[in-house]
Amino acid sequence: MPSTPKQQLRAILKAGNYRLAYKAATEIAPIDLLEAMQLTILAATQDRDHFEELAVHWIERLLAERKVSVHEIRWVASRFQDAWEEQPNDPETALAKFLKRAPLRL
């Protein structure tokens, strides 16, 4: 069993349990963009009532924390739409790769 709250959150996210992940995230807030994206992707299928609010909030954080173009914002929104529509193209992996290369704001 993971020892720190952050490790526990990551294990829950990996297991794909939205409700437990959301509870863990609220207890250790703030969470990083990657964890927030994973939580949002889970919400697309497990908490559809809150998915759009989480996706918009994630994009707001992205704009505050990273240097991104309008084209990239549109691409990100499309990946969240893919998650909502349960497309088989793995939007979580695509967004994780995007985060690795999106430069931080200084």
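The values are calculated or read from the model by the stated rules, or taken from the named source; none is laboratory data. Since this is a predicted model, take the numbers as computed values, not measurements. Heads up, the Cβs are rebuilt from the backbone with ideal geometry, glycines too, and the neighbour counts pull from every protein chain shown.
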Looking at this structure, is Gln38 of a type outside the set (A, V, I, L, M, F, W, C) and buried (at least 17 other Cβ atoms within 10 Å of the Cβ)?
yes
Taking Asp82 and the conditions (1) touching a residue at least 24 places away in the same chain (Cβ under 8 Å); (2) surrounded by 14 or more Cβ atoms within 10 Å (Cβ to Cβ); (3) among the acidic types (Asp, Glu), which numbered condition does it fall short on, given that it satisfies the others?
(1)
Return the residues of the range 55-105 that are part of a loop (DSSP other than H, G, I, E, B) and not acidic (Asp, Glu); say none if nothing qualifies.
Lys67, Val68, Ser69, Gln87, Pro88, Asn89, Ala102, Pro103, Arg105
Looking for whichever is charged (D, E, K, R), over 14 Å from the mean Cα position of the chain (by Cα) and on the phi < 0 side of the Ramachandran plot here; the options are Lys14, Lys67. Which one fits?
Lys67
Of the residues that make up the range 64-79, is at least one closer than 18 Å to Pro5 by Cβ, touching a Leu at 6+ places or on another chain (Cβ under 6 Å) and modelled with pLDDT of 95 or more?
no
Within the range 2-54, restricting to residues that are more than 23 Å from Lys100 (Cα to Cα) and outside any helix (DSSP H, G or I), the one that is modelled with the lowest pLDDT is Pro2
Quick count over the range 3-32, residues being hydrophobic (A, V, I, L, M, F, W, C) and buried (at least 18 other Cβ atoms within 10 Å of the Cβ), is 7
Within 21 Å of Pro5 (Cβ to Cβ) and touching a Lys or Arg at 6+ places or on another chain (Cβ under 9 Å): which single residue out of Ala29, Ala36, Ala25 fits that description?
Ala36
